[in-house]
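What follows is a single structure, written as structure tokens, with notes after it.
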Amino acid sequence: MESKTISGAKILLECLSRLGVTDMFGYPGGSVLKIYDELYDFKKIKHYLARHEQGAIHGADGYARSSGKVGVCLATSGPGVTNIVTGIMTAHMDSVPLLAITGQVQTTLLGTDSFQETDIVGITIPITKTNYLITDIRDLPRIIKEAYYLSKTGRPGPVLIDIPKDIQSTEISIDEFEKLFEKDFILEGYDPIYKGHAGQIKRATELIKSSKSPLIISGAGILKSGASDELLIFAEKINCPVTCTFLGLGGFPSNHKLMLGMLGLHGTVASNYATKQADLIIAAGMRFDERVTGNIKEFCPNAKIIHIDIDPAEIDKNIVSNVPIVGDLNNVLNKLNDNLQSLTHEEWIDKINTWKREYPLIIPESNDNSLVPQYVFNKLNTLLKDDTLIATDVGQHQMWTAQFINFNKPNTLISSGGAGTMGFGLPAAIGAQIANPNKNVVLIVGDGSIQMTIQELILLREYNLPIKILIINNSCLGMVRQLQEVFNEKRYSQVDLTYNPDFVKIGEAYDIKSMKLSTKEDLNENLENLLNLNEPVLIEFVVDKNQNVLPMVPSNYSVDKMIGKKGVI
Ligand SMILES: Cc1ncc(C[n+]2csc(CCOP(=O)(O)OP(=O)(O)O)c2C)c(N)n1
């Protein structure tokens, strides 16, 4: 006879599945035993077994970033959940919709320092949109629905649900479960504003009409609200140059004539100069992070600011705006497009084009046949197709990716921006490939960062993921070495990675086709073919360690005070 009851663990899976979850990433343990037991027969959700919880959470993150769906990660209590804290923080900083489901010791043992007990709800308060400890199975259906809704609406973000062991194994009748699931939830005080205020939009329209040198700064909000098409119409209509934050790359086509590239710390000269001279900044879904503003007191000194964001907490947080508009960018830009006639700013655009011509990105010459990283990136840019998903890790390779690779399509860059989490790239690429089985996924990663989550390589083989892993091996922790060169008189403290493993052998040990490319000839002969193979491939590029990411705004300087504008410091 079929069971007429349902366990907390099964409720969790059933609710997730009804909400549309088809994939989850995780790692088992004693406190999630019951959930894994239910998963054994539950065919509606596919589980991907990472080899470290950090891999599981970044996997869920890459899945979410590349698809817009909610990423789900499951971890056991104690060391299991503390291993996902970095990933939760990473998702929180970049507003990624995630559900972290964690096991907890049974309710009667809470607060007793029981085996593998940790207060994960306490730990993650500042890095989740909200979090829950379940103490009554009857709350479970509502909370799962609520958590899912919260993670993906308004400004998206991670939500954590901590489920004690006894709640997972308690059973209630199926009838009761159905009734509980049907019930609507009420979220007091949570009411994201999607429609911008008409009066403010009118004020913005007037400012735009009277501006002589406007600049749009496009942030990740453009991508999250799916407003790239609206932005394109808007920028073309008012003939306004566009610059992007790092996470905003892809929101406006890199190859568009109005595009200036990235701004800020390693931004283009044209972008940073433009912020200095603009009389109007239209900040769209960006948060004036210090990597963008440099010395905030000297940022955009001549400009009025229109700031559009879905999160009211962002308005006037770092920069005080003249016209604040809280709302969804799609709606707001749509409205602005309706209000505005075509405009021209020829003089301003000419000025910007002069900067673009005068300060292009430089590829240093290598005397012999050896590889400089910029040469590799420039070549990659000619080979990678527009719809390729490009995941990166953190460091110089990440910034060269931002500078040299054209992002012409939305949501094609998957990278840890706000947190800058090393070890993010490989598992995030895995998540992206799982969410997008028909797309090409390429990971660009440093020799330092790949070693932080290298164990996840086995998932490429196990789940047949044809990801191309490109290791930029400069035998050092390049980005820190660069800082030491510029700020610490070349006292290269603990950044040397001469003792690296043999990456080709590592790839082969995971049964992945692997190859080392050390010269321009090697690269020109092999790279294109390797990128086109329909199987996982690991390519190690051996590059000059002395190269720096330039230009660069020294810490706390005004962004127009870049060093290395001509490619040398
Ligand atoms: C978890 C973590 N630890 C330390 C850092 C500081 N950090 C930023 S970049 C970097 C070096 C990265 O080296 P590598 O992966 O080899 O890339 P490269 O800069 O050489 O391209 C370090 C140590 C970080 N961002 N994240």
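The values are calculated or read from the model by the stated rules, or taken from the named source; none is laboratory data. Nothing here was measured: the structure is a model prediction, and the numbers come from that model. Here the Cβ positions follow ideal geometry from the backbone for every residue, glycine too, while neighbour counts run over all protein chains shown. These accessible areas exclude ligands, DNA and RNA; they are computed on the full protein's heavy atoms, side chains included. Shrake-Rupley method; radii C 1.70, N 1.55, O 1.52, S 1.80 Å.
Filter the stretch 354-371 down to residues that are open to solvent by 90 Å² or more (accessible area, probe 1.4 Å) and in a loop (DSSP other than H, G, I, E, B) and give me whichever is modelled with the highest pLDDT.
In this case the residue turns out to be 365.
Can you pull out the helices (runs of 4 or more DSSP H) entirely within the stretch 420-519 that have at least 3 residues that are open to solvent by 10 Å² or more (accessible area, probe 1.4 Å), within 14 Å of the ligand (Cβ to nearest atom) and out of contact with any Phe, Trp or Tyr (no Cβ under 8 Å at 6 or more places or on another chain)?
Counting at least 3 such residues, we get 478-487.
Return yes or no: is residue 124 under 25 Å from residue 81 (Cβ atoms), assigned to a loop (DSSP other than H, G, I, E, B) and not acidic (Asp, Glu)?
no
Answer yes or no as to whether residue 77 is within 21 Å of residue 39 (Cβ to Cβ) and among the hydroxyl-bearing types (Ser, Thr, Tyr).
yes
Residues are listed down the side, and each one gets a yes or a no for (1) in contact (Cβ under 8 Å) with a residue 40 or more places away in the chain; (2) in contact with a strand residue (DSSP E or B) (Cβ under 6 Å, 6 or more places away or on another chain):
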site	(1), (2)
459	yes, no
471	yes, yes
484	no, no
510	yes, no
531	yes, yes
547	yes, no
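Would you call residue 568 surrounded by 15 or more Cβ atoms within 10 Å (Cβ to Cβ) and under 17 Å from residue 396 (Cα atoms)?
Criteria not met by residue 568.
Within the stretch 56-74, does at least one residue satisfy the condition of being open to solvent by 10 Å² or more (accessible area, probe 1.4 Å), over 21 Å from the mean Cα position of the chain (by Cα), of a type outside the set (Ser, Thr, Tyr) and farther than 23 Å from residue 176 by Cα?
No, every residue in the stretch 56-74 fails to be open to solvent by 10 Å² or more (accessible area, probe 1.4 Å), over 21 Å from the mean Cα position of the chain (by Cα), of a type outside the set (Ser, Thr, Tyr) and farther than 23 Å from residue 176 by Cα.
Would you please list the contacts, defined by Cβ atoms under 9 Å and residues six or more apart or on different chains, that run from a residue in the stretch 354-372 that is in contact (Cβ under 8 Å) with a residue 12 or more places away in the chain to a residue that is among the small types (Gly, Ala, Ser) and outside any loop (DSSP other than H, G, I, E, B)?
355/270; 355/271; 355/274; 356/261; 356/270; 358/270; 359/270; 361/261
What's the number of the only condition in (1) more than 16 Å from the ligand (Cβ to nearest atom); (2) assigned to a helix (DSSP H, G or I); (3) open to solvent by less than 10 Å² (accessible area, probe 1.4 Å) that residue 381 fails to meet?
(3)
Can you say whether residue 416 is closer than 23 Å to residue 27 by Cα, within 14 Å of the ligand (Cβ to nearest atom), within 13 Å of the chain's Cα centre (by Cα) and of a type in the set (Ser, Thr, Tyr), as far as the supplied structure shows? Walk me through it before giving the result.
Details: closer than 23 Å to residue 27 by Cα: yes; within 14 Å of the ligand (Cβ to nearest atom): yes; within 13 Å of the chain's Cα centre (by Cα): yes; of a type in the set (Ser, Thr, Tyr): yes.
So residue 416 fits the description; yes.
Quick check on this structure: which one of 527, 497, 531, 538 is under 21 Å from residue 373 (Cα atoms), touching an Asp or Glu at 6+ places or on another chain (Cβ under 8 Å) and among the aliphatic types (A, V, I, L, M)? Spell out how you get there, then give the answer.
On the way: 527 fails: touching an Asp or Glu at 6+ places or on another chain (Cβ under 8 Å); 531 fails: touching an Asp or Glu at 6+ places or on another chain (Cβ under 8 Å); 538 fails: touching an Asp or Glu at 6+ places or on another chain (Cβ under 8 Å).
Exactly one residue qualifies, and that residue is 497.
Of the residues that sit in the stretch 520-538 and are out of contact with any helix residue (DSSP H, G or I) (no Cβ under 6 Å at 6 or more places or on another chain) and outside any helix (DSSP H, G or I), which one is surrounded by the fewest Cβ atoms within 10 Å (Cβ to Cβ)?
Across the stretch 520-538, the extreme among qualifying residues is 534.
Could you look through the stretch 384-413, keep only residues that are within 16 Å of the ligand (Cβ to nearest atom) and part of a loop (DSSP other than H, G, I, E, B), and pick out the one that is surrounded by the most Cβ atoms within 10 Å (Cβ to Cβ)?
Selected residue: 393.
Please find, within the stretch 87-110, the residue that is farthest from the ligand (Cβ to nearest atom) out of those that are part of a helix (DSSP H, G or I) and over 25 Å from residue 310 (Cα atoms).
108
Can you list residue pairs whose Cβ atoms sit under 7 Å apart, with the first residue in the stretch 6-26 being farther than 11 Å from residue 72 by Cβ and touching a residue at least 60 places away in the same chain (Cβ under 8 Å) and the second being of a type in the set (Phe, Trp, Tyr) and assigned to a helix (DSSP H, G or I)? Count only pairs 6 or more apart in sequence or on different chains.
That search, which allows pairs on different chains as well, returns 6/177; 11/177; 15/181.
Tally the residues that are in contact with an Asp or Glu (Cβ under 7 Å, 6 or more places away or on another chain) and open to solvent by 10 Å² or more (accessible area, probe 1.4 Å), restricting the search to the stretch 1-43.
4
With the requirement that a residue be open to solvent by less than 100 Å² (accessible area, probe 1.4 Å) and acidic (Asp, Glu), what does the stretch 177-205 give you?
Once the filter is applied, which keeps residues that are open to solvent by less than 100 Å² (accessible area, probe 1.4 Å) and acidic (Asp, Glu), the stretch 177-205 yields only 178.
Pull out all pairs, ordered by first then second residue, where Cβ-Cβ is under 6 Å, the residues are six or more apart or on different chains, the first lies in the stretch 151-174 and is farther than 20 Å from residue 84 by Cβ, and the second is of a type in the set (Lys, Arg) and part of a helix (DSSP H, G or I).
Qualifying pairs under 6 Å: 169/34.
From the residues in the stretch 255-270 that are aliphatic (A, V, I, L, M) and assigned to a loop (DSSP other than H, G, I, E, B), which one is farthest from residue 357 (Cα to Cα)?
Looking at the filtered set, the residue picked out is 265.
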